[in-house]
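Written below as structure tokens is the structure these notes are about.
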Amino acid sequence: MSRTYKVAVVGATGAVGEVMLSILSERRFPASEVIALASSRSAGFKVSFGNRQLVVQDLATFDPVGVDIALFSAGGSTSKEYAPKFAAAGAVVIDNSSAFRNDDDVPLVVSEVNPEAAANRPRGIIANPNCSTMQMLVALGPIHRQVGIERLNIATYQSVSGTGRLALEELGRQTAGLLNFQPVTAEVYPVQIAFNVIPHGGDFTDNGYTTEEMKLVWETRKILGDDSIRVNATVVRVPVFYGHSEVVNIETRDKLSAADARKLLEASPGIEVVDEPVAGGYPTPVTHASGKDAVYVGRIRDDLSHPRGLNLWIVSDNIRKGAALNAVQIAEWVIAHP
Ligand code: A2P
């Protein structure tokens, strides 16, 4: 009989944790047991795992001994405190927070781009990239391998689910309130998100960029293994529930035409090209990405202003490929490479 694994999902009541559980079930991950963990606030609540219900346990009092794989998505401070304890108890931790992403001894893995990096995990921890970096690199990995990327100019259009369950509720509440002529309050975001766009994701840093913008810089270089790639990013939050979109302008080392980029991306794993120059011939979060696994690429065009420039429109479900799916794919890679 083939081996089965005891799997813990930390943050099981959250926007990402819930989808981690459903993807583990959909993909029939060989689990002998799946344990749902969250804060003491949720202990005793039930969450769905396939057609079963799991009772949520309190992370603070849970003994990790015997856990083989732990998928963490409960925020950076929870990961910092508990991921090392799970790793010390023998688990391979796959962490969706930003707690360890920049550490040299923690691999940062996009399963289509650099899965082999997961083998070198001296601390027993593998980091899952930020959702915007994730979907972008599924598309850029093949381009970098073929012609080299020198510079990226990125604008994101990020959905509220990336901020968590409370942000989903805030968008719903504000939208319903405004349509009923009620005054609205902003609690999760600094200003109203419904019927608005906010040029701000994460926290501001000393250089004027936000943490979400700097993640695109650091994580891109680490995953592609090339510190010379120059990245200019602006992160924008939009009133979309699920699915991030990105405009990415690429300057490549060698010329890659839009036609060749289309062929390359069509043949690359995890990508669906939707690129017809007609109304609706492009992917959007609602029509294509939400609830789906693929990264969708459209509006592939030669940059008219640069001899080696290329434009892409990249859309994906930030909770699935951007977080939960990639974590499960890393877990699948880990058990396939004991
Ligand atoms: P809880 O529901 O008990 O607060 P989201 O990103 O959608 O807001 O979800 C965050 C997830 O992280 C939730 O499952 C939440 O559990 C969990 N979480 C937050 N803080 C802690 C903590 N200190 N210990 C364990 N789980 C936590």
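Readers should treat all values here as calculations from the given coordinates under stated rules, not as data from a laboratory. These figures come from a predicted structure and were not determined experimentally. With ideal geometry, Cβ positions are generated from the backbone for all residues, glycine too; neighbour counts draw on all protein chains shown.
Which value results when the Cα radius of gyration for the chain is divided by 2.2 N^0.38 Å? It would help to have the intermediate numbers written out before the result.
Working: Rg = 19.9 Å, N = 338, 2.2 N^0.38 = 20.1 Å.
So the Cα radius of gyration is 0.99 times the expected 2.2 N^0.38 Å.
For a footprinting-style exposure proxy, rank SER48, SER228, SER268 by other Cβ within 10 Å, fewest first.
Ordered by Cβ neighbours within 10 Å, fewest first: SER228, SER48, SER268.
If you place +1 on the Cβ of every Lys and Arg, -1 on the Cβ of every Asp and Glu, and leave all else neutral, what size is the dipole of the chain about its Cα centre, to the nearest 20 Debye? Before the final figure, lay out the partial values.
Numbers: 31 positive and 37 negative charges, 88 e Å.
Dipole about the Cα centre, nearest 20: 420 debye.
ASN51 to LEU304: FRET efficiency via 1/(1 + (r/R0)^6), r the Cβ-Cβ distance, R0 56 Å, to the nearest 0.05? Intermediate values should be presented prior to the final figure.
Values: r = 53 Å, r/R0 = 0.95.
The value I calculate is 0.60.
In the chain, if the dipole is taken from +1 on Lys/Arg beta carbons and -1 on Asp/Glu beta carbons about the Cα centre, which of ASN232, HIS337, SER161 is farthest to the positive end?
HIS337
Comparing GLY208, GLY75, GLY124, which has the greatest mean-square fluctuation in the GNM of the chain with Cα pairs linked when under 10 Å apart?
Maximum fluctuation in the GNM of the chain, among the listed residues, is at GLY208.
For VAL247, VAL273, which order do you get if you count the other beta carbons within 10 Å of each Cβ and list the fewest first? The partial results should precede the final answer.
Numbers: VAL247 15, VAL273 22.
Least to most surrounded, the residues fall as VAL247, VAL273.
Shape call for the range 65-188 from the C-alpha gyration tensor, a ≥ b ≥ c root eigenvalues: rounded (a/c under 1.5), prolate (a/b greater than b/c) or oblate?
Judged from the Cα gyration tensor, the range 65-188 comes out oblate (a/c at least 1.5, b/c at or above a/b).
In percent, how large is the relative contact order of the range 79-143, given Cα pairs closer than 8 Å and 6 or more residues apart?
Details: 91 pairs, mean separation 23.0, N = 65.
This gives 35 percent for the range 79-143.
Give a residue-ordered list of calculated ³J(HN,Hα) values for the range 227-232 (Karplus: 6.51 cos²θ - 1.76 cosθ + 1.60, θ = phi - 60°; whole Hz; x for Gly, Pro).
Going residue by residue, I get 6, 8, 5, 8, 10, 10 Hz, with x marking Gly and Pro.
Rounded to the nearest 0.05, what FRET efficiency is calculated for GLU276 and ARG221 with R0 set to 25 Å and r the Cβ-Cβ distance?
The computed FRET efficiency comes out at 0.15.
Output the relative contact order of the range 131-253, whole-number percent, from Cα pairs under 8 angstrom with separation of 6+ residues.
Numbers: 196 pairs, mean separation 57.5, N = 123.
Over the range 131-253, the number comes to 47 percent.
For LYS263, which aspartates and glutamates qualify as cross-link partners when the Cα separation must be under 15 Å and same-chain residues fewer than eight apart are set aside?
GLU272, ASP275, GLU276, ASP302
For the chain, set up a Gaussian network in which alpha carbons nearer than 10 Å are linked by springs, and say which option among THR61, THR252, THR220 fluctuates the most.
THR61
Near LYS215, which lysines are there with a Cα under 16 Å away, not counting those fewer than 8 places off in the same chain?
LYS215 reaches no qualifying lysines.
Summing +1 for each Lys or Arg and -1 for each Asp or Glu, what net charge is found among the other residues whose Cβ lies under 14 Å from the Cβ of THR234? Don't jump to the answer; show the numbers that get you there.
Numbers: positive: LYS215, ARG237; negative: GLU212, GLU213, GLU246.
Net charge around THR234: -1.
State which entries of LYS46/LYS292; LYS6/LYS222; LYS222/LYS292 exceed 28 angstrom in Cα-Cα distance in the structure shown. All intermediate terms of the calculation are to be shown ahead of the outcome.
Working: LYS46/LYS292 25 Å; LYS6/LYS222 30 Å; LYS222/LYS292 26 Å.
From the list (LYS46/LYS292; LYS6/LYS222; LYS222/LYS292), the Cα-Cα distance tops 28 Å for LYS6/LYS222.
Pick out which of VAL217, VAL231, VAL278 has the largest mean-square fluctuation in a Gaussian network model of the chain, springs linking Cα atoms closer than 10 Å.
For the chain, modelled as a Gaussian network with Cα springs under 10 Å, the answer is VAL278.
Normalising by the residue count of the chain, find the relative contact order in percent from Cα pairs under 8 Å and 6+ residues apart. Please report the intermediate quantities before stating the final value.
Details: 764 pairs, mean separation 59.6, N = 338.
Relative contact order, the chain: 18 percent.
Based on the Cα gyration tensor of the range 179-336, what are the three equivalent ellipsoid semi-axes, each the root of five times an eigenvalue, rounded to whole Å and given largest first? The partial results should precede the final answer.
On the way: eigenvalues 152, 83, 78 Å².
Over the Cα atoms of the range 179-336, the ellipsoid semi-axes are 28, 20, 20 Å.
For HIS337 and GLU26, FRET efficiency with R0 = 22 Å and r from the beta-carbon atoms, rounded to 0.05?
On the way: r = 22 Å, r/R0 = 1.00.
The pair GLU26/HIS337 has a calculated efficiency of 0.50.
Add -39500 (n - 2.57) for each DSSP H run of 4 or more in the chain, then divide by its residues: what number comes out at 222 nm, to the nearest 500 deg cm²/dmol?
That comes out to -8500 deg cm²/dmol.
Quick one: grab Rg to one decimal and Dmax as a whole number for the range 11-123, Cα atoms only, in Å.
Values for the range 11-123 (Cα only, Rg and Dmax): 13.9, 40 Å.
Rounding to the nearest 20 debye, state how big the charge dipole of the range 110-251 is about its Cα centre with +1 on each Lys and Arg Cβ and -1 on each Asp and Glu Cβ. Present the calculation step by step, with values, prior to reporting the outcome.
Values: 11 positive and 15 negative charges, 43 e Å.
Magnitude of the dipole: close to 200 debye.
Cut-off is 10 Å between beta-carbons; in what order do MET134, MET214 appear when sorted fewest neighbours first? The partial results should precede the final answer.
Details: MET134 26, MET214 19.
Listing MET134, MET214 from fewest to most nearby Cβ atoms yields MET214, MET134.
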